[in-house]
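Notes for the one structure printed next.
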Amino acid sequence: MVYGRTAIVTALKEGAGLDRIYIDQKANDPAIGEIRRLAATRNVPLNYVPKAKLDFFNVGEHEGVIAQKSRIVYQELQDVISFVTETGAVPLFLILDGITDIRNIGGIARTAWCCGVHAIIIPDKGVGALNEDAILTSAGALEEIPVCRVNSLMKTVDELHLNGIRVFAAAMEGAKKVSEADLTIPTAIVMGSEEKGIYPALLKICDENIRIAMKNDFESLNVSVATGMILYEAMEQRSRG
């Protein structure tokens, strides 16, 4: 934990890895305003909570604001894209939309690392915290694979398009089977939550919707399992040339 206004401002200015910042919901002064501004530039999520929750952390004089450190060093998406293309590799990215279960996130990270994904892209809101439990569930994969945290998945899709990367959305009603999609090209795959799927506006701007063929009808697959099946297909297609 980092606590106290000055300490958190310093951490943000120095680019320290912060998972999220908890702010007293009644706090509203210039120092808090600066923390909000700096957090926005660093894509660090803000949680507005009652003072009692801050006291619960039992860290001492917190001055209405506490930050949780992250063991993950978040990367800039464009930097990762540039690095991958400079090495001559064909980009393969994974976008997580609305997945909150850290066990699923951990399992997804393990599979992504094993299947050659170059980076996992997550939004700064609406996704499970990449905390110690998530890292443990991933068997350390979250500390190996680059993670990019962005403030808008919609803008991220635009950025991927500008870099020549085709975006595939995994959806039950997808027009193509996964095996029919060409995943050997520069690719980003969007996975949504089991409950709500991919956000409709995000789904609309993806280039193709793909589905996993199933022998028996069922409501949905576990998102971690579904991700593994799609990434394995991508890895197999790429290994065949």
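The values are calculated or read from the model by the stated rules, or taken from the named source; none is laboratory data. Note that the structure is a prediction, hence the values are computed from the model and not measured. Cβ sites come from the backbone with ideal geometry, for glycine too, and all protein chains shown count toward neighbours. Protein only, heavy atoms only, side chains kept; ligands, DNA and RNA dropped before computing areas. Shrake-Rupley method; radii C 1.70, N 1.55, O 1.52, S 1.80 Å.
Does Ile185 fit the bill of being surrounded by 13 or more Cβ atoms within 10 Å (Cβ to Cβ), under 24 Å from Gln75 (Cβ atoms), touching a Lys or Arg at 6+ places or on another chain (Cβ under 8 Å) and among the hydrophobic types (A, V, I, L, M, F, W, C)?
So Ile185 passes the test.
Is it the case that Thr111 is among the hydroxyl-bearing types (Ser, Thr, Tyr) and either without any contact (Cβ under 8 Å) to a residue 40 or more places away in the chain or in contact with a His (Cβ under 9 Å, 6 or more places away or on another chain) (or both)?
Answer is no for this residue.
Looking at the range 137-149, can you tell me whether even one residue there is out of contact with any Phe, Trp or Tyr (no Cβ under 7 Å at 6 or more places or on another chain), farther than 19 Å from Gln75 by Cα and in contact (Cβ under 8 Å) with a residue 60 or more places away in the chain?
No.
Consider Gly128 against the criteria (1) open to solvent by 40 Å² or more (accessible area, probe 1.4 Å); (2) without any contact (Cβ under 8 Å) to a residue 40 or more places away in the chain; (3) touching a helix residue (DSSP H, G or I) at 6+ places or on another chain (Cβ under 8 Å): it satisfies all of them except one. Which criterion is unmet?
Failed condition: (1).
Please return the ranges of strands (runs of 3 or more DSSP E) entirely within the range 144-241 where 3 or more residues are within 17 Å of Ile122 (Cα to Cα).
147-150, 166-170, 187-192
Tell me the residue from Lys26, Lys13 that is surrounded by fewer than 17 Cβ atoms within 10 Å (Cβ to Cβ), farther than 20 Å from Ile102 by Cα and more than 26 Å from the chain's Cα centre (by Cα), please.
Lys26
Every residue in the range 36-75 that is free of Cβ contacts under 8 Å to residues at least 60 places away in the same chain and of a type in the set (Lys, Arg), please.
Of everything in the range 36-75, those that are free of Cβ contacts under 8 Å to residues at least 60 places away in the same chain and of a type in the set (Lys, Arg) turn out to be Arg36, Arg37, Arg42, Lys51, Lys53.
Yes/no matrix, rows are residues, columns are (1) over 14 Å from the mean Cα position of the chain (by Cα); (2) among the basic types (Lys, Arg); (3) surrounded by fewer than 21 Cβ atoms within 10 Å (Cβ to Cβ):
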residue: Asn58; (1), (2), (3): yes, no, yes
residue: Glu63; (1), (2), (3): yes, no, yes
residue: Thr85; (1), (2), (3): yes, no, yes
residue: Gly88; (1), (2), (3): yes, no, yes
residue: Phe93; (1), (2), (3): no, no, no
residue: Gly98; (1), (2), (3): no, no, no
residue: Met154; (1), (2), (3): no, no, yes
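If you scan the range 198-241, which residues turn out to be open to solvent by 30 Å² or more (accessible area, probe 1.4 Å), in contact with a helix residue (DSSP H, G or I) (Cβ under 9 Å, 6 or more places away or on another chain), of a type outside the set (A, V, I, L, M, F, W, C) and closer than 12 Å to Ala170 by Cβ?
Asn209, Arg211, Ser220, Glu233 - these are the residues of the range 198-241 that are open to solvent by 30 Å² or more (accessible area, probe 1.4 Å), in contact with a helix residue (DSSP H, G or I) (Cβ under 9 Å, 6 or more places away or on another chain), of a type outside the set (A, V, I, L, M, F, W, C) and closer than 12 Å to Ala170 by Cβ.
Restricting attention to the range 36-52, which residues are open to solvent by less than 30 Å² (accessible area, probe 1.4 Å), out of contact with any Leu (no Cβ under 7 Å at 6 or more places or on another chain) and not in a loop (DSSP other than H, G, I, E, B)?
Val49
Which residues, counting only those in the range 65-76, are open to solvent by 10 Å² or more (accessible area, probe 1.4 Å) and in contact with a helix residue (DSSP H, G or I) (Cβ under 8 Å, 6 or more places away or on another chain)?
Arg71
Just to check your reading of the model, which residue among Ile105, Ile66, Ile81, Ile135 is of a type outside the set (Gly, Ala, Ser), part of a helix (DSSP H, G or I) and more than 30 Å from Gly164 (Cα to Cα)?
Only one candidate qualifies: Ile135.
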